[in-house]
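Notes to accompany the following structure.
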Amino acid sequence: MADIIDGKAFAAKIRAEVKEDSDKLISQKQVDPCLAVVLVGENPASKVYVGQKSKMAKECNIKTKDYKLDESTDQKTLLKLIEDLNNDSTVHGILVQLPLPKQIDERKVIDTIVVEKDVDGFHAINAGRLSIGGDMLKRAFIPCTPLGSLLLLKDQVGDLRGKNAVVVGRSNIVGKPMSQLLIEESCTVTIVHSKTKDIESVCAQADVVVVAVGRPEMVDAKWLKEGAVVIDVGINRIPVTKEDGSEGSKIVGDVDFASASEKASKITPVPGGVGPMTIACLLRNTVTSAYRHAGLNDPRSH
Ligand code: GUN
């Protein structure tokens, strides 16, 4: 049976460090770290995520400015808000929750955020810095879910050099940046996706498997080598029939936990694995940004 990786506990430890760093900046430089959180529309999952982000920020002594815009908001209005936040020297991080309504060009919005406040790490320049790696990484913001996944992996495995890592999924938010972080750790990295031939046997070569596809319980024991370390990024709500016959729902990952944990050596649960790490890393990036804006070195390196 696999060890269960406690992302909730590790995220709490990171948030405690973030709060310490934030408190230091407030007392020594009289700068209050501040995150602007922008939500457009009514996506129920997005509403939950931004609520959690704002709440956890406050617990780390990070101020927040919350903006809730109507589903029908046009692109010009959103870009104007971002320009205002770019020019507001009290704001250190700007987070625009994705996905955005279809009348809005996501790439245009992300690239309008000034690079130095792009705490999600989605701006083309931050993506480029991560892709180049090395010293360029020191100036970048790294996307929060891959960063959180990497911190968990390093905490669990230690040195990742020479490990075979397979990343399942090629999104800009998780799969691509995750693969670049693993390359930076000197892993041998393979990205697989919906068109990959014989995907299960490719995954079965991996010492480390990171799954981010948004398909409930897709990866099971057949996909895994004995002793693999499994990081499940998926958060999927699926319908269930309860014991009393009534209809309900539950949250599952992209990995079939019961099956995979028979073969893996370590595995993240859903919920309580990567999810809390994403928010902790967003807060960490925000405080890092506030330090950089104050002309100071980053308080922590990854
Ligand atoms: N939607 C899903 N994940 C993320 C994330 O990490 N940041 C933002 N802004 N939106 C998301």
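Could you count how many residues in the range 63-83 are within 16 Å of the ligand (Cβ to nearest atom) and either free of Cβ contacts under 8 Å to residues at least 12 places away in the same chain or touching a Leu at 6+ places or on another chain (Cβ under 6 Å) (or both)?
Residues that pass the stated criteria total 2.
Could you run through the range 138-159 and say how many residues are at pLDDT 95 or above and assigned to a helix (DSSP H, G or I)?
Of the residues in that region, 14 qualify.
Just name the residue that is farthest from the chain's Cα centre (by Cα) out of those in the range 1-37 that are over 27 Å from ILE113 (Cα atoms) and among the hydrophobic types (A, V, I, L, M, F, W, C).
Among those that are over 27 Å from ILE113 (Cα atoms) and among the hydrophobic types (A, V, I, L, M, F, W, C), it is MET1.
Here is a yes/no grid of residues against (1) in contact with a Ser or Thr (Cβ under 9 Å, 6 or more places away or on another chain); (2) within 16 Å of the ligand (Cβ to nearest atom); (3) polar (S, T, N, Q):
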| site | (1), (2), (3) |
| --- | --- |
| LEU85 | no, yes, no |
| ASP118 | yes, yes, no |
| SER149 | yes, yes, yes |
| MET178 | yes, yes, no |
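I'd like to know if the range 57-71 contains one or more residues that are within 19 Å of the chain's Cα centre (by Cα), closer than 27 Å to ARG107 by Cβ and of a type outside the set (Val, Ile, Thr).
yes
Out of everything in the range 92-112 that is in a loop (DSSP other than H, G, I, E, B) and near the ligand (Cβ under 10 Å from one of its atoms), what residue ends up being nearest to ILE26 (Cα to Cα)?
Filtering first and then ranking leaves GLN97.
Looking only at the range 175-187, decide whether some residue is crowded, with 18+ Cβ neighbours inside 10 Å, assigned to a loop (DSSP other than H, G, I, E, B) and not aliphatic (A, V, I, L, M).
Yes, the range 175-187 contains at least one residue that is crowded, with 18+ Cβ neighbours inside 10 Å, assigned to a loop (DSSP other than H, G, I, E, B) and not aliphatic (A, V, I, L, M).
The values are calculated or read from the model by the stated rules, or taken from the named source; none is laboratory data. Just so it is clear, the model here is predicted, and its values are computed rather than measured. Using ideal geometry, Cβ is built from the backbone for each residue, glycine included, and neighbour counts are taken over all protein chains shown.
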